[in-house]
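Presented below is the structure to which this report refers.
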Amino acid sequence: MTYTTILSEIPDSYFGKTVGQKIEHGPLPLINLAVGIPDGDTPPEIIKALQEAIVKPVNQKYLAFQGKDAFRQAIVDFYQRQFNVTLDPDKEVCLLYGTKNGLVALPTCVIEPGDEVLLPDPGYTDYDAGVRLARGIPKPLKLSPERHYIPDWNEVDTKNTKLIYLTYPNNPTGSVATPEFFQETIDRFKNTPTKIVHDFAYQAFGFDQPNPSILQADGAKSCAIEIFSFSKGYNMSGYRVGFAVGNEEMIANLRKYHTHTQAGMYGALQDACTVALNECDHELKSQNDIFKKRRDKIEVALNEAAIPHEPIKGGIFLWLKCPEGFSSDAFIQYLLQEQSILAAPGHPFGEEGEGYVRLSFAIDEAQLDEAIARIVSLKPLYRQA
């Protein structure tokens, strides 16, 4: 296969390459813990709104590129209600055709060729592609378990940095940010050329306290935007809708970009998401409650078995340290052949991910119980050291 020069410089997407492949595993029934797609159904009131919206003639035509007024106002109202953050629906909101599209497009809208961009390591795998497509230079923002995967800006060289990606709750580690960290971050960068994007895909999943928005920090909109996803909290991963909010200049650039790459979001999707934001706060709480119970069950079992792991403070993943002597890939194969568990290796999430595996707990309770039992059975591997 021959790719263009720019595509040949971008590593293959790990999940794009592996999802859907035939899996050869051990004798037990396969349990897939590799993909982070919540296992619940879309709430019925959202489905009902979509069904009703499909037959409306207005939704069968091109719509305004920047979205319906009602949808953008619902975003504004949601942020006011959830975070006490005030937004301008005309200048500080941009609809996204899936948050991944927005996260990958963002560097083209913020940096110049040759600019440096800090990417969390470990962190979401596809940020890197967006930087390379924009001809930027990706640099790792090294995150360590000793600091619960929160950067210490005094230890990070940012003199040439034009854009920083943050993501909390963190995918893959399950670490969370505090309001104090976000305020420290904004204070550090608000009067500099550096911009911040916070990927808030797992907003709903804050197990010990609600997850803060970076826009709650004083002065945040001077240098930061936040990207919100409907996929996880509302069980709407197939709908491919998200939005960006915050810094007016970055939002304007994203909007201009989308006028050339999209032709206006399908109106029925906008109507369904408007209902989600306006009427389904209880669904976000219910989703969090479900995953908190799963988190508690996992951590009790692992702690009793003395299996080391990163404390799960948010999100939908377990970040599990490999036993002594196992690389990420070797442990993945061991899990697959000995326990029939499919997981994701740590290294696609960055160099700091080597020596770990990521396991999703977005599966039903019966499968989760079986997966926990299989993982606990590995405790002799952790005691060999």
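Descriptive notes on the structure:
- Cα centroid separation - segment 216-262 against segment 67-96, whole Å: 10 Å
- Cβ-derived FRET efficiency at R0 22 Å, residue 82 paired with residue 218, nearest 0.05: 0.80
- Among 305, 244, 204, the largest mean-square fluctuation in a Gaussian network model of the chain, built with springs joining Cα atoms closer than 10 Å, belongs to 305.
- In terms of Cα atoms, the Rg and Dmax of segment 110-185 work out to 12.4, 34 Å.
- When nucleic acids and ligands are ignored and a 1.4 Å probe is applied, residue 35 ends up with an accessible area of around 50 Å².
- Placing a pseudo-label 7 Å from each Cα along the Cα-to-Cβ vector at residue 374 and residue 13 gives an inter-label distance of 2.6 nm.
- Probe 1.4 Å - accessible area at residue 195, Å² to nearest ten: 40 Å²
- Listed by chain and number, the aspartates and glutamates whose C-alpha is less than 13 Å from the C-alpha of residue 162, apart from same-chain residues fewer than 8 away, are 112, 115, 116.
- Degrees separating the helix 365-376 axis from the principal Cα axis of the chain, which is the longest one: 50 degrees
- Ranking of 271, 77 by solvent-accessible surface, largest first: 77, 271 (1.4 Å probe, protein heavy atoms only, all chains present).
- The listed residues 112, 146, 354, once ranked by accessible area (1.4 Å probe) with the largest placed first, stand as 146, 112, 354.
- Taking each DSSP H run with n ≥ 4 as -39500 (n - 2.57) and averaging over every residue of the chain yields -11500 deg cm²/dmol at 222 nm.
- Where trypsin sites (Lys or Arg not before Pro) fall in DSSP loop in segment 71-125, at most 14 other Cβ within 10 Å: 91
- Close amide H partners of residue 318, meaning residues 5 or more places away or on another chain with modelled amide H under 5 Å apart, are 359, 360, 361.
- Accessible area in square angstrom per residue, the chain, 1.4 angstrom probe: 44 Å²
- With only Cα atoms counted, segment 226-385 has Rg and Dmax values of 19.8, 58 Å.
- Degrees separating the helix 99-110 axis from the principal Cα axis of the chain, which is the longest one: 60 degrees
- Karplus-derived 3J(HN,Hα), 6.51/-1.76/1.60, for each residue of segment 212-219, Hz, glycine and proline x: x, 8, 5, 6, 6, 6, 4, x
- Pairwise FRET efficiency - residue 304 versus residue 261, Cβ, R0 = 56 Å, nearest 0.05: 0.65
- Helix 281-304 and the longest principal axis of the C-alpha atoms of the chain enclose an angle of approximately 20°.
- Accessible-area value, residue 286, 1.4 Å probe, nucleic acids and ligands omitted, Å²: 50 Å²
- In this simple spin-label approximation, residue 157 and residue 281 carry label points 7 Å from Cα along the Cα→Cβ vector, and these lie 4.7 nm apart.
- Restricted to Cα atoms, segment 1-124 shows a radius of gyration and a Dmax of 20.5, 57 angstrom.
- Rolling a 1.4 angstrom probe over the chain with all protein chains present gives an accessible area of which 51% lies on carbon and sulfur atoms.
- Vicinal HN-Hα couplings computed from phi for segment 176-191 (Karplus, 6.51 cos²θ - 1.76 cosθ + 1.60; Hz; Gly/Pro x): 10, 9, 10, x, 5, 5, 5, 5, 4, 5, 5, 4, 6, 10, 5, 10
- Theoretical gain in end-to-end length, residue 147 to residue 47 [0.36 nm per residue, Cα-Cα removed]: 31.8 nm
- The largest accessible area among 137, 111 belongs to the first residue in 137, 111, and the rest follow in falling order (1.4 Å probe, all chains).
- Nonlocal amide H pairs with residue 195, under 5 Å, H built at 1.01 Å: 163, 164
- Segment 67-211: C-alpha gyration tensor shape, a/c 1.5 cut-off, then a/b vs b/c: oblate
- Relative contact order of segment 44-280, pairs being alpha-carbon contacts under 8 Å that are 6 or more residues apart, as %: 29 percent
- Extension gain for residue 351-residue 365 works out to 1.8 nm (0.36 nm per residue, less the C-alpha to C-alpha distance).
- For segment 269-335, the set of GluC sites (Glu not before Pro) satisfying both a DSSP loop assignment and a count of at most 14 other C-beta atoms within 10 Å is given as 324.
- For the chain, size of Cβ-based charge dipole, Lys and Arg +1, Asp and Glu -1, in debye: 640 debye
- Segment residue 293-residue 338, extension gain: residue separation times 0.36 nm, minus the distance between their alpha carbons: 13.5 nm
The values are calculated or read from the model by the stated rules, or taken from the named source; none is laboratory data. What you are looking at is a predicted structure, and each value in this text was computed from that prediction instead of being measured. With ideal geometry, Cβ positions are generated from the backbone for all residues, glycine too; neighbour counts draw on all protein chains shown. We work out accessible area using only protein heavy atoms, side chains counted, and drop any ligands, DNA or RNA first. Shrake-Rupley method; radii C 1.70, N 1.55, O 1.52, S 1.80 Å.
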